[in-house]
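Each value in this text was obtained by applying a stated rule to the coordinates, not by laboratory testing. Since this is a predicted model, take the numbers as computed values, not measurements. Here Cβ is always computed from backbone atoms with ideal geometry, including for glycine, and neighbour counts include all displayed protein chains.
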Amino acid sequence: MIVVNKDLCVGCALCVPMCPEEAISCLGVASIGENCIECLACLEYCPVSALGENKEV
Amino acid sequence: MDEQTYDIVVIGSGVGGMCAGALLAGEGYRVLVTERLPRIGGRCSTVDYRGYKCTTGVIGPEMGGILQEVFDRVSAAFDVRPAGPPHYLIHGEVFAMPVKGGLHTLLSKASGNREEVKNVMGAFSKALKWKEPSQNISLRDWLLQFTQDDAILGIFQAMVSAATLVNAHEMSARDFFIFLKKMKGVSTFGFCPGGSIALMESLARVIKENQGEIWTRASALHILLEEDTVQGAIVKREEAEIRVRAPVVISNCGPLQTAQLVGRQHLDQGYLTELDKTVRPATVIAIHLAADRPLLKENYLIVTGARRINAIFQPTSVCPDLAPVGRHYLLAGAAPESSLPPLNAKKEIDLCMEDLRDLLPGFDDHAEILLTGTFHGAWPAMHSWPGRDMPVKTPIVNLYHVGDGVKSPGMVAAPAAAETALRVVKDIEEHHLPAR
């Protein structure tokens with residue numbers, strides 16, 4: 001699953017449009033919804049590298 | 001490890017980096033620009049969302065100023081359409097700012113207190129003609145010496161926060177007047193029909209046409225040094241680390257992050273102290289709206305006296321292609337109570353939403369929120385407040401900064417970044433010849 005590092009995320013919302021499933025919402029901090037298909041499209045667009053893949057979950 | 005050699009490595013493809021890259025490539029230097037993200041432009045870029053071309057930062061680039069000068073110098077297309085004259089929203093009414101006597105007109109519309117309007121105008125005239133006030137007083141505190149009128153103060157708060165991205169209580173009075181003097185004669189801005197990214201793509205073409213390269217999805221991991229002289233950078237691209245050798249490195253990722261790339265242990269204590277005492281990232285809230293009809297009669301409005309919103313732009317009035325046919329794209333900008341951390345994002349966004357409902361008739365029926373972005377900290381509205389800039393040269397020989405953390409006094413945002421590129425390029429041309 002995709003996890004948001006809340007200490008790094010500034011809430012710029014620039015990840016939101018990158019999600020093909022519209023699974024990301026952002027009001028001050030990004031949040032990944034349940035319809036995330038883990039395509040990882042959002043990861044490389046985060047300007048502060050706040051999005052990551054949690055492979056343990 | 002793979003190794004490559006260039007004359008110049010530019011880290012970051014924002015306005016400062018792309019201007020510097022294009023200018024140097026045009027002069028015959030072999031340039032590499034590295035960009036961590038898949039798209040170029042940094043905060044002068046565009047992201048498509050539901051058919052709307054949303055800006056990543058810059059909404060209205062200045063026309064006829066230093067930014068355009070860079071484009072002209074490298075013969076790059078500068079497709080920006082004039083946004084038209086400024087309008088101010090004062091006590092719920094819209095006023096066009098007259099070309100002459102604009103400030104007096106605005107203050108008189110805001111307040112019936114003629115005495116205080118006269119006091120402020122007198123102080124302004126003196127500050128412009130004789131000497132600007134001290135660096136050691138904020139614009140707000142300086143104004144409070146002449147007026148206590150909230151409506152007058154509100155005009156300045158809107159003007160300053162919309163134009164310079166800090167609050168009137170954060171901008172020094174001196175820097176505000178230097179800004180006003182520099183603005184004279186360059187007060188027009190416009191909207192880009194292809195979004196802000198079109199400007200950066202235009203510079204990218206210049207770089208590529210001159211044998212330069214732009215690597216996206218390429219993170220600079222370290223800036224390489226030998227003694228106290230820069231040697232290039234280690235860049236991670238497609239999972240491989242590449243040693244890029246270059247006699248000159250230009251960093252467009254902000255003074256704080258540049259220090260991390262160099263390694264703070266390689267920077268002298270004086271510089272680090274200056275860095276930590278000087279740099280204050282600017283904070284802005286940007287709300288992107290979609291609408292099924294125009295929500296403004298004007299192309300943009302400077303909003304006075306609202307809770308947080310200081311400006312609303314409707315670029316589709318000028319550039320309809322930024323939205324699907326028949327729809328409009330608007331951007332509302334806001335300054336939070338303080339630019340200093342921590343940002344209480346929820347409270348600030350709530351206040352912005354209350355403002356939008358008050359300011360835009362038909363908001364609930366005709367508009368939807370596309371994106372709500374908060375810019376601060378490591379991804380700020382500007383890498384530092386106006387008047388709180390680092391020098392373009394670092395303690396590392398041949399390592400330069402460009403961008404909005406190393407602005408000249410009185411300059412802000414994209415033109416300020418372009419100006420840093422001109423300064424850096426001039427210095428490079430004086431000291432380094434292209435290899436070929």
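Over chain B, calculate the relative contact order: mean separation of alpha carbon pairs under 8 Å at least 6 apart, over the residue count, as a percent.
Rounded, it is 24 percent for chain B.
Would you tell me the mean number of C-beta atoms belonging to other protein chains that fall within 10 Å of each C-beta in A:40-50, as a whole number?
Numbers: counts 0, 1, 0, 0, 6, 6, 3, 8, 4, 3, 2.
Whole-number average of other-chain Cβ neighbours for A:40-50 is 3.
Answer rounded, prolate or oblate for region B:100-183, using the Cα gyration tensor with square roots of eigenvalues a ≥ b ≥ c: rounded when a/c is under 1.5, else prolate when a/b is larger than b/c, else oblate.
Note, shape of region B:100-183 comes out rounded.
Kindly give Rg over Rh for region B:283-375, based on alpha-carbon atoms, with the Kirkwood expression for the hydrodynamic radius.
0.97
Please list the non-local residues whose amide H lies under 5 Å from the amide H of B:Q231, H modeled 1.01 Å from N, same-chain partners needing a gap of 5 or more.
Here B:L224, B:L225, B:E226 satisfy the definition.
Find, among the chymotrypsin sites (Phe, Trp or Tyr not before Pro) in region B:73-163, those assigned to loop by DSSP (not H, G, I, E, B) with at most 11 other beta-carbon atoms within 10 angstrom.
For chymotrypsin sites (Phe, Trp or Tyr not before Pro) across region B:73-163 that sit outside H, G, I, E and B with at most 11 neighbouring Cβ atoms in 10 Å, the list reads B:W130.
Using only the alpha carbon atoms of region B:233-274, find the Kirkwood hydrodynamic radius as the inverse mean reciprocal pair distance, in angstroms to one decimal.
11.9
Taking H as built 1.01 Å from N, whose amide H comes closer than 5 Å to the amide H of B:C44, not counting residues under 5 places away?
B:V15, B:V58
Please report the antiparallel percentage of the DSSP beta bridges confined to the protein assembly as shown, to the nearest 5.
For the protein assembly as shown, the DSSP antiparallel bridge percentage is about 75.
Taking Cα pairs under 8 Å and at least six residues apart, what relative contact order does chain A come out at, in percent?
46
If the viscosity is 1.002 mPa s and the temperature 20 °C, what Stokes-Einstein diffusion coefficient in µm²/s follows for region B:331-395 when Rh is the Kirkwood radius over Cα pairs? Intermediate values should be presented prior to the final figure.
Values: Rh = 14.3 Å.
It diffuses with D of about 150 µm²/s by this estimate.
Any idea how far the Cα center of region B:57-107 sits from the one of region B:245-299, in Å?
Region B:57-107 and region B:245-299 have Cα centres separated by 23 Å.
Just the number, please: percent antiparallel of the DSSP beta bridges in chain B, rounded to the nearest 5.
70
Give the average, rounded to an integer, of partner chain Cβ atoms located within 10 angstrom of each Cβ in B:374-384. Don't skip to the end; give the middle numbers.
Working: counts 9, 6, 3, 7, 8, 10, 2, 0, 0, 0, 0.
For peptide B:374-384, the averaged partner shielding equals 4.
For chain B, evaluate the Debye formula with one uniform point scatterer on each Cα (no solvent term) and list log10 I(q)/I(0) at q = 0.11, 0.13 Å⁻¹, rounded to two decimals.
The Cα Debye sum returns log10 ratios of -0.85, -1.15.
Taking 25 °C and 0.890 mPa s as the conditions, I'd like the Stokes-Einstein D for region B:41-176 in µm²/s, using the Kirkwood hydrodynamic radius from alpha carbon pairs.
Translational D for this selection: 141 µm²/s.
Sort all Cα-Cα distances of the protein assembly as shown into consecutive 20 angstrom bins from zero, then give the percent of pairs in each bin up to the one containing the longest distance.
24, 57, 19, 0
Would you calculate, for chain B, the mean residue ellipticity at 222 nm contributed by helices, counting each DSSP H stretch of 4 or more residues as -39,500 (n - 2.57) and dividing by all residues, to the nearest 500?
Numbers: 13 runs with 146 residues, N = 436.
That calculation yields -10000 deg cm²/dmol at 222 nm.
Which entries in B:K236/B:K346; B:K109/B:K129; A:K6/B:K277; B:K100/B:K131; A:K6/B:K53; B:K277/B:K347 show an alpha-carbon gap greater than 30 Å?
Cα-Cα > 30 Å for B:K236/B:K346; rest within.
Largest first and in whole Å, what are the equivalent-ellipsoid semi-axes of region B:196-282 based on the Cα gyration tensor, each being the root of 5 times an eigenvalue?
Each semi-axis is √(5λ); the values are 26, 18, 12 Å.
FRET efficiency for B:H366 and A:S25, Cβ-Cβ distance as r, R0 = 35 Å, nearest 0.05? Walk me through the numbers before you get to the answer.
Values: r = 22 Å, r/R0 = 0.63.
Working from the Cβ atoms, E equals 0.95.
Take peptide B:41-50, look around each residue's Cβ out to 10 angstrom, count Cβ atoms belonging to other protein chains, and average those counts.
For this peptide, the per-residue mean of nearby foreign Cβ atoms is 2.
In cubic angstrom, how much convex hull volume per residue do the alpha carbon atoms of chain A span?
Enclosed volume per residue, from the Cα hull, is 71 Å³.
How many angstrom lie between the Cα centre of region B:371-408 and the Cα centre of chain A?
A separation of 26 Å, based on Cα centres.
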